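In what follows, a structure is listed as structure tokens, so that the remarks can point back to it.
What follows draws every value from the coordinates through simple rules; no lab data is involved. What you are looking at is a predicted structure, and each value in this text was computed from that prediction instead of being measured. Cβ: placed from backbone, ideal geometry, glycine included. Neighbour counts: every protein chain shown.
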Amino acid sequence: MHISTESESELRGYDAIVIGTGFAGSVIARELAERARMRVALVESRDHIGGNSYDALDEHGVLVHMYGPHIFHTANERVFGYLSRFTEWRAYEHRVLARLDEGTFIPVPFNKTSIEISFGKERGAELIGKLIEAYGDERKVPIAQLRQTDDPDIAELADFVYDNVFRHYSAKQWGTDPATLDTSITSRVPVFISRDDRYFQDPFQGMPAQGYTRLFESLLDCEGLDLFLGLDARSFLGFAGDGERLRQATVNGEPYGGIIVFTGSVDELFGFRFGRLPYRSLDFEFETLPMKRFQPCATVNYTVSEDFTRITEFSHLTGQELEVTTIMREYPCAYEGKPGQIPCYVVPGEENARRYGQYAELAASISRFHLLGRLAEYRYYNMDAVVARALELADELCEQA
Ligand code: FAD
Ligand code: UDP
């Protein structure tokens, strides 16, 4: 990886300009440089690579995820194989508990064990029987679907799960009445009629053995790829055209004929001309404690109390064994574009999809300009989905090259 000290005025000399060093930007930049032998400028407004997957040692030597806990999991063999070129993996399967009160913790996704803890063995067995009869064994049922039941026993269970797992957590996370949320959001964590207490069931799960930042360093170590850190694309990128159709990207005011891949927030890039797209942000509170372990698993969700949503203890993810441990509390808030604030989550929903569509149409009118990734495509993507999208776009662009 070559960190460029050239001024941004040199950018027009590159075959491609990629904006953002998260998984979207980093993978497409590498592919264009390696496969299509393009000279690629990779531009990042922050002072580090990796986007929201960035990790670093804190002052106590604990490897922490600076923008919230990131657990890699995928069913996509191509994605797993691709990333395995740049990292070895630490075997890790994520488990999450919801804290109902000081002494009561239940597995999330809510499963057979959660039922027994909440309802006792005997009533639990009845409810599990009912669920199996209605939906089948080893099945996942989104809470929204479960709540539509006509069966009074299942309805009692659904109300319990909604009240104790979803209502408060979702209200905190999304800042809205959870009843108004798009059901795709809570469907990510369905009720699971199973003893499997893993958060994910994907065949490939793990953590990059040396951390995400090391993975990104290896990914970006490629001839033809130059990195510009601390540079906001809005300072050089413009568009020429006639209002609703822009046609041509400009770099420092001059027409640019190369490829541009943008992975940031599209409403911000286009000056909010169709209005703001909403995002949720997070305030992260780190605390280092003088003990080896603070909690029994990596993440404990606070589903009925507190203003924060969850506490993550990083040593469970990384396997570090130190005399101290660092934990992180996540406090959700609206993204208002304040300096230093990060857009963490897009907000799925019909109205937002419609507004995004206007931005996407505008972007499509610009020659050789592509939107890629969680923010730019306004999709609640996990890391693996972003890598998959980047590889698909790379296939397309390399074929044309
Ligand atoms: P990002 O990582 O957001 O990267 C975008 C980059 O573009 C940023 O570095 C940004 O600074 C840069 N940028 C934006 N605008 C500009 C500009 N104008 N000029 C220059 N640079 C710009 N996924 C999982 O698979 N597993 C998990 O456990 C998981 N946990 C998560 C936990 C949290 C709290 C969050 C917020 C997300 C989590 N994700 C997880 C999702 C994961 O973070 C995303 O899928 C992934 O980071 C998306 O990559 P990206 O490249 O699209 O975007
Ligand atoms: N959710 C919840 N309670 C939980 C876990 C999840 O209400 O204990 C809901 C909440 O709305 C959350 C969504 O399910 O935003 C998706 O959860 P996930 O763990 O996938 O969120 P992420 O890890 O992306 O923050």
- the chain: angle of helix 121-135 to the longest principal axis, Cα-based, in degrees nearest 10: 50
- Note on the structure: When the chain is treated as a Gaussian network with springs between alpha carbons less than 10 Å apart, the largest mean-square fluctuation among Q173, Q205, Q145 is found at Q145
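For the chain, what is the charge dipole size about the Cα centre, in debye to the nearest 20, if Lys and Arg each add +1 at the Cβ and Asp and Glu each add -1 at the Cβ? Write out the running numbers ahead of the final one.
Working: 41 positive and 62 negative charges, 82 e Å.
Using Cβ point charges on Lys, Arg, Asp and Glu, the chain gives about 400 debye.
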- Message: I need to check one value: relative contact order of segment 68-176, counting alpha carbon pairs closer than 8 Å and at least 6 residues apart, in percent.
- Response: 13
- Message: Quick check: Cα centre of segment 43-101 to Cα centre of segment 256-307, how many Å?
- Response: 13
- A correct Kirkwood calculation over the Cα atoms of segment 217-275 returns a hydrodynamic radius in Å of 13.5
- Lys/Arg Cβ at +1, Asp/Glu Cβ at -1, dipole of the chain taken about the Cα centre: which of L225, L32, P178 is farthest positive-ward? L32
- Item | Cβ-based charge dipole, the chain, positive-most Cα from P343, T318, L393 | L393
- In a Gaussian network model of the chain with springs linking alpha carbons closer than 10 Å, the residue among A376, A16, A240 that fluctuates most is A240
- Note on the structure: Longest principal axis of the chain (C-alpha) makes with the long axis of helix 383-400 (C-alpha) an angle, in degrees to the nearest 10, of 30
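Using the per-residue mean of other Cβ atoms lying within 10 Å as a proxy for protection, in what order, highest first, do the peptides 281-287, 107-113, 336-342, 254-260 fall? All intermediate terms of the calculation are to be shown ahead of the outcome.
Working: 281-287: 15.3, 107-113: 22.6, 336-342: 10.3, 254-260: 17.6.
For the peptides 281-287, 107-113, 336-342, 254-260, the packing ranking is 107-113, 254-260, 281-287, 336-342.
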- Task: Kindly state, as a whole number, the per residue volume in cubic angstrom of the convex hull around the alpha carbon atoms of segment 251-401.
- Result: 176
- Task: Specify which residue in the list H70, Q148, S118 is farthest towards the positive end of the charge dipole of the chain, using unit charges on the beta carbon of Lys, Arg (+1) and Asp, Glu (-1), about the Cα centre.
- Result: Q148
- If you build a Gaussian network model of the chain, linking Cα atoms that sit under 10 Å apart, which residue out of A29, A390, A364 swings the most? A364
- Item | P(r) histogram, all alpha-carbon pairs of segment 172-290 included - 5 Å bins from 0, percent | 2, 6, 9, 11, 13, 14, 15, 14, 9, 4, 2, 1, 0
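Quick one: Cα convex hull volume of the chain, Å³ per residue? Please report the intermediate quantities before stating the final value.
On the way: hull volume 58.3 nm³, N = 401.
About 145 Å³ per residue, rounded to a whole number.
Determine the relative contact order of the chain: mean sequence separation of Cα pairs under 8 Å and six or more apart, normalised by residue count, in whole percent. Write out the running numbers ahead of the final one.
Numbers: 789 pairs, mean separation 103.8, N = 401.
Result for the chain is 26 percent.
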- Inter-part distance where segment 109-124 and segment 187-242 are each reduced to a Cα centre, Å: 36
- Item | Per residue Cα convex hull volume in Å³ - calculated over segment 1-157 | 206
- Note, segment 53-64: 3J(HN,Hα) by Karplus (6.51, -1.76, 1.60, θ = phi - 60°), whole Hz, Gly/Pro = x, goes 8, 4, 10, 7, 6, 7, 5, 9, x, 8, 6, 10
- So how tilted is helix 152-161 from the main axis of the chain? Cα-based, degrees 0 to 90, rounded to 10. 50
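Any idea what the relative contact order of segment 249-401 is, in percent, if you count C-alpha pairs under 8 Å spaced at least 6 apart? Could you put the intermediate results ahead of the total?
Details: 221 pairs, mean separation 44.5, N = 153.
Across segment 249-401, relative contact order equals 29 percent.
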- Query: What would the Debye formula give as log10 I(q)/I(0) at q = 0.22 Å⁻¹ for the alpha-carbon point model of segment 15-107, no solvent?
  - Reply: -1.24
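For segment 105-158, state the semi-axes of the equivalent ellipsoid (square roots of 5 times the eigenvalues of the alpha-carbon gyration tensor), sorted largest first and rounded to whole angstrom. Before the final figure, lay out each step's value.
Values: eigenvalues 51, 32, 23 Å².
Taking √(5λ) for each Cα gyration eigenvalue gives 16, 13, 11 Å.
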- Task: Would you compute, for the Cα atoms of segment 134-195, the largest minus smallest coordinate along each principal axis and list the three values in descending order, in whole Å?
- Result: 34, 22, 18
- Item | Relative counts (whole %) of C-alpha pair distances in segment 88-208, using bins that are 10 Å wide | 12, 44, 33, 10, 1
